[in-house]
Each structure stands twice: as structure tokens, then as C-alpha cells.
Amino acid sequence: MAGWFFASQMLAIGDRYVIRLFLGEGPLGIYSANYSLISSAAGLLSGPVTFAAFPIVMKLWADGEKERLVMLLRDMTGWYAVLGAGMVGGTALVAQDLVGVILGPEFRSGYPVLLPVVVGLAFWGASMLGHKSLELHERTTWMVLGALGSAALNFLLNLVFVPTYGITAAAYTTALSYGVYALFVWFMSRRTSTPWQLPSTTVLVCALAASIAYGAGLLPVPWAVTSPVAVLFEKAFRFVAVYVLVVLSSLVLGRRLRVMT
């Protein structure tokens, strides 16, 4: 596990070394500030799901209820998808406004990194749920190999793309590396007695809901909003309201269809 923690840290901060090497301290500061801003928000939203799952998982494993454990991980992943899709869609909508309000105009140029970073963090948070299958079966060697491979991929991609495309490339390569790791965890968990099953329907519904809410957030409003803070909250409120409405409506519709069949 010490090897896994080391590899996960390299996956998280390896891009910063490349940015400093090729672009200097100025772009590094902009990138780090924007990265920290969105990672803090993502952790605040996703933490309750991942931390709440752990004691329930351990209890089911201790009781030998493997089928219920598989369903629990699937359900928890579904709830995480609701939060993750909301984070991604909301970030896409308010990224520029959020950076301008919280970090200030001097950091506004780094706002394009927020979206790929939050996508990568969503993959990482989901993989923490999938990890439970590997942890319970003591497949820590697989975890280390996956994390080391993803960290190496991230470092190499940064070496290739950061000198030409700047800090935005670092954000996208990190997101890709996190996605590769989540895919690796899913694939390896299928070799255990408690495979990590993905709720594909829930993920698609949440992605559709986030797209609809994003479009609603871009619509013009009949009233004048000039304050940057007011613009941020107005967009965020519209996104959350529409997203929650669409997700809840899909849940109600899904239940009615199941009852009918």
C-alpha cells in the first residue's frame, strides 16, 4: 500500500514538475491555484459517498454477503455518478466566473483547466469505490501496478504535450490518466468474486441531465445581472435546479416503468 500511495501522489502532482520545467513558475502558480480550487470542491461533494461506503462494505464482507456487496458498490457508484455528473456539468458552466470571483483576474487565464481536472477527479473518486473489491481480496499488487502505470503515462504525456499546448494540456493528460486507472480497476475487479459493476443507465441519465442543465444555464435571462458574484450564483442556481429536477423525474419515471413491467 505504501507503493500505491507513492504512485497515487505522483499521478496527482507529476504534471507540476513538467510545467515548472518547460513553462516556469508563473504558469505553474496559475495551474496549481486553479487545480486546488476545483479539487477542494470536488472532494467536499464526493467525500460523503466514498467515506459512507467503507464501513458498510466491511460489514457485508465480514458477514460473507458477497452478492449484496456487489449490489452495494453498484448503488454507491450510481449515487456517485449523480454527484460526479453534476460537478462536471456545473464546472463547465461556471468555471470562468468561479475563478474570477474566488481567485481574481490574474488567475482567470487558468480557468480552462477546471473542466478536465474535475473529470479526472470524478474518475479517481469512482475508482476508490471500485478499489474495495481489490482491497478485500488483498490484490494490492494490482493496485500498485495500475497506479504506477497511470502515473508513468501521465508523466510521458505531459512531456509530449505541455511544451506545445501549455497548462491546459497538463489538465487533459491528467484526466486521461485518471480515466485509464479507473478502467484498469474495473477490469481487474472482474477477476474477483465481487466485481465492480457500473450502473450504465444511471451514468447515461446523469450525463443527459447535466447536458440539459448546462444548456439551461446558458439561456439569457430577462433581468440584468452585472455583479460577478450574482452572475455566478444565478448560473449555479439554474444549473442545480434543472439538474435535480431532471434526475428526480427520471427516477420517478424509472420506478413507474418497473412497476408496469
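The values are calculated or read from the model by the stated rules, or taken from the named source; none is laboratory data. Computed from a predicted structure; not experimentally measured. When we count neighbours, we look across all protein chains shown, and the Cβ atoms used for this are built from the backbone with ideal geometry, even at glycine. These area figures cover heavy atoms from the full protein model, side chains too; ligands, DNA and RNA do not enter into them. Shrake-Rupley method; radii C 1.70, N 1.55, O 1.52, S 1.80 Å.
Worth a mention:
- Here the extension length gained between ILE13 and VAL180 equals 58.5 nm, from 0.36 nm per residue of separation less the Cα-Cα distance.
- Sequence-distant residues sharing a close amide H with GLN197 (under 5 Å, placed H): ARG74
- Mean-position separation - Cα centroids, the range 169-234 and the range 36-113, in angstrom: 9 Å
- Solvent-accessible area per residue for the chain (1.4 angstrom probe, square angstrom): 52 Å²
- Dimensions of the range 104-166 along the principal axes, based on C-alpha atoms and rounded to the nearest Å, stand at 48, 25, 13, largest first.
- Proximal lysines to LYS132, defined as alpha-carbon separation beneath 30 angstrom and excluding residues fewer than eight positions away on the same chain: LYS59, LYS66
- Most mobile listed residue (GLY86, GLY130, GLY100) in the chain, GNM with C-alpha springs under 10 Å: GLY100
- Dimensionless Rg/Rh of the range 191-243 - Kirkwood Rh, Rg from C-alpha atoms: 1.29
- Here the Karplus relation 6.51 cos²θ - 1.76 cosθ + 1.60, evaluated at θ = phi - 60°, turns the backbone of the range 155-166 into coupling constants of 5, 5, 5, 5, 4, 7, 9, 4, x, 8, 10, x Hz, with x for every Gly and Pro.
- The apolar share of the surface of the range 48-181, taken as the fraction of accessible area on carbon and sulfur atoms (1.4 Å probe, ligands and nucleic acids excluded), comes to 68 percent.
- Rg ratio (alpha-carbon, reference 2.2 N^0.38 Å) - the chain: 1.08
- Net charge of neighbours whose Cβ lies under 15 Å from the Cβ of VAL162, counting Lys and Arg as +1 and Asp and Glu as -1: 0
- Phi angles across the range 24-29 convert, under the Karplus curve 6.51 cos²θ - 1.76 cosθ + 1.60 with θ = phi - 60°, into 3J(HN,Hα) values of x, 6, x, x, 4, x Hz, Gly and Pro given as x.
- Computed FRET value (nearest 0.05) for SER211 with SER40, which takes r as the C-beta separation and R₀ as 22 Å: 0.30
- The GNM of the chain, with springs linking C-alpha atoms under 10 angstrom apart, assigns the highest mean-square fluctuation among VAL117, VAL242, VAL94 to VAL242.
- One decimal place: the segment ASP75-LEU159 gains 26.4 nm when fully extended, by the rule 0.36 nm per residue minus the C-alpha distance.
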